[in-house]
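Read-outs: derived from the displayed coordinates by stated rules, not from any lab. Computed from a predicted model, the values in this text were never measured in an experiment. Using ideal geometry, Cβ is built from the backbone for each residue, glycine included, and neighbour counts are taken over all protein chains shown.
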Amino acid sequence: MFAIRRHLFDRRKENRFTISKGSKIFFRNGSCQMGCTIIEISSSGARLVPADTTLLPNEFDLMVSPGTRVKCEAVHRSATEIGVRFLS
């Protein structure tokens, strides 16, 4: 029943894939970084568990693979997670 409800109210355009991958977030022109775990990802965005959601600005870079950073915009936050849309 929960899966049906989630599907009905899920407004995402892309399918997301559940993963558990350690990564890094970069902000303030790369002078600050924070560890995070990517728990869902698609071609258009991701759901992250950062070390601290309150310290993150609305836009930052996410390392999706070694040497590859993607600009992100926060679209929702909770106490432990942040949902982002990829800007580049």
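Side notes on the structure shown:
- Among 19-26, 43-50, the order from most to least packed when residues are scored by Cβ within 10 Å on average: 43-50, 19-26
- Fully extending the segment from LEU87 to VAL75, taken as 0.36 nm per residue of separation minus the present Cα-Cα distance, adds 3.2 nm.
- Top positive-direction residue, dipole computed over the range 14-86 with Cβ charges, set MET34, PRO50, SER78: MET34
- Cα gyration tensor of the range 32-88 - equivalent ellipsoid semi-axes, whole Å, descending: 15, 12, 11
- Subtracting the Cα-Cα distance of VAL49 and SER20 from their residue separation scaled by 0.36 nm leaves 9.5 nm.
- Neighbourhood charge, 14 Å Cβ-Cβ cut-off, centred on ALA74 and excluding it, Lys, Arg +1 and Asp, Glu -1: -1
- Linear extension gain, SER31 paired with ASN58, 0.36 nm per residue minus alpha-carbon span: 8.1 nm
- Counting neighbouring Cβ atoms within 10 Å and putting the fewest first, the residues LEU56, LEU87 line up as LEU87, LEU56.
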